[in-house]
Amino acid sequence: MNIKVHRGTHQVGGCVTEYESNGYRLFVDYGEELPGGSKKGDLQVEGLTHGDISKSALLITHYHGDHIGSITKLPKDLPIFMGKVGRDIQLELSDHLKSVDGVHQEMLGRLQTVNTFEPGKPFSWGDFNIMPVTIDHSAFDAYAFKIEADGVTAFHTGDFRTHGFRSKTLPGVIKKFIGEVDCVVCEATNISRPDAAIISEHDLQKEYKELFTKNKNNVVYVSSTNIDRLFGLYHAACDTNRVFIIDEYQKRIMDIVSKRDPIWGKSELYNFEENKQPIPLTRKRGKFWMTSKLKWLLGEMGYVLIARSNPYFDEFIQMIPGDKQTYLSMWNGYVDPSKPAYNEKLAKSLGESFLYKHTSGHYDMNSLRDVLQLLKPKAIIPLHTENPEAFAQLFKDEWQVIVLNDGDSFQPYRSKNFVL
Ligand SMILES: [Zn+2]
Ligand SMILES: [Zn+2]
């Protein structure tokens, strides 16, 4: 088996990896580069974007735009595989955004043809055996893959972390479904983000609880698809007797997990409490509408409003009573004018006196060791990172780290060779 990284050896967004065996080509992810990425245009790959695709397929690790965002540019008959719940969340997101961004209209069409898989249920394609396992990340229903062909096994981590609500299951999942592998293709985002906010999702929720106790009126800016954070905030609001307010789109996204996820859908964490259903925002002529009953309720109880940066929310926030504390519950690079990802609109909606309360969707370097000790790889290829050399420096005494450039290939050794 041959592993080729087309993009992502020295950048975070838009990673594309190819596994090749016996003429079959299995690609992983085809997303957008993060803002500020190279301006070379769309990545062209023979056997993926053009040429003979009769022995090609694409796996998607999760619904973040840097992993799925460019699939609309791929040939219509290329088979694409992704998790079912993740697909449903992307459908809802694209449906919501289709009127403001035509790409999402195309995405809706492409998603109809996507094949779905379930965690822990292996499937084969061409020469490959694929085992998808669920992994904790700021996107829900994110996957890592064991990819096996020609007697060689690779573990493709996708984006992941070890400090989320669902991370505790990872060692058990690796032991049960993955075992030891020849090669790990490993995301390494935080090697060059030493200042990334990394506390456990659980501790972050505790901080929110304390803040919601202290502050009666709360407005939180959070990604509409960060399911763990949303439910963490919801339960923090319930525990502090604040009214939890979301719009209908946000409710539909949360319902996808609480009603449909085969593993987590029944967990209390991902469900609404019987007598504390979220209050949905109603609209009148497109705008959010404040009834006198709602005004009274918010004034009486205090609230946690889940907001997004747009004129509807900006206007609604002006209408609701009391002094408000605003929070940024996503990466602060979006409101840092020195970063290419700077979002002026968000910075404006957020105002000056916001609190930054967030934890990263990516693991911290220290916790990776425990994961690697279970996988015992003979080689590790860092991916989804700006600095694979620093990653190699950190782990070179324990594992063989293969630093590639975009377009380079690596052939992992077969386990069998070691036994013989
Ligand atoms: Zn991601
Ligand atoms: Zn990513």
**Reduced Cα scattering model of region 1-128, Debye log10 I(q)/I(0), q = 0.10, 0.16, 0.18 Å⁻¹** = -0.30, -0.80, -1.02
**Prompt:** What share of the DSSP beta bridges in region 1-115 is antiparallel, in percent to the nearest 5?
**Reply:** 55
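Filter the trypsin sites (Lys or Arg not before Pro) in region 59-141 to those in DSSP coil with at most 13 other Cβ atoms within 10 Å of their Cβ, and list the result.
Lys76
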**Request:** Among DSSP beta bridges lying fully in region 133-289, give the percent that are antiparallel, nearest 5.
**Result:** 70
**Request:** Give, to the nearest whole percent, the P(r) tail of the chain beyond 26 angstrom, counting all Cα pairs.
**Result:** 55
**Request:** Work out the FRET efficiency for Asn115 and Asp336 from their Cβ-Cβ distance, taking R0 = 45 Å, and round it to the nearest 0.05.
**Result:** 0.70
**Request:** Give a quick list of trypsin sites (Lys or Arg not before Pro) in region 326-398 that DSSP marks as loop, anything other than H, G, I, E or B, with at most 15 other Cβ atoms within 10 Å.
**Result:** Lys396
**Asked** Taking other Cβ within 10 Å of each residue's Cβ, how do Thr282, Thr189 sort, fewest first?
**Response** Thr282, Thr189
**Residue pairs, from the table Lys259/Lys324; Lys324/Lys345; Lys168/Lys206; Lys84/Lys295; Lys168/Lys216, whose Cα atoms sit over 29 Å apart** = Lys259/Lys324; Lys84/Lys295; Lys168/Lys216
**Cβ-based net charge around Asp29, under 11 Å, with every Lys or Arg adding one and every Asp or Glu removing one** = -4
**Message:** To check you understand DSSP bridge types, tell me what percent of the beta bridges within the chain (both residues inside) are antiparallel, rounded to 5.
**Reply:** 45
**Complete:** If exposed means GluC sites (Glu not before Pro) lying in a DSSP loop and surrounded by at most 16 other beta carbons within 10 Å, then the longest stretch of the chain lacking such sites spans residues 1-179
**Message:** Please compare each pair in Lys73/Lys98; Lys121/Lys376; Lys4/Lys55 to a cut-off of 21 Å on the Cα-Cα distance and tell me which ones are over it.
**Reply:** Lys121/Lys376
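If you build the convex hull over the alpha carbons only and average its shadow over all orientations, what do you get for region 106-247? Give it in nm² to one decimal.
Averaged projected hull area, Cα only: 11.8 nm².
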**Item:** Positive-end residue of Thr326, Gly31, Gly407, charge dipole of the chain with Cβ unit charges
**Value:** Thr326
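Here, each number is a calculation from the coordinates, and none is a lab measurement. Note that the structure is a prediction, hence the values are computed from the model and not measured. No Cβ is skipped: glycine too gets one built from the backbone with ideal geometry, and neighbour counts run over all protein chains shown.
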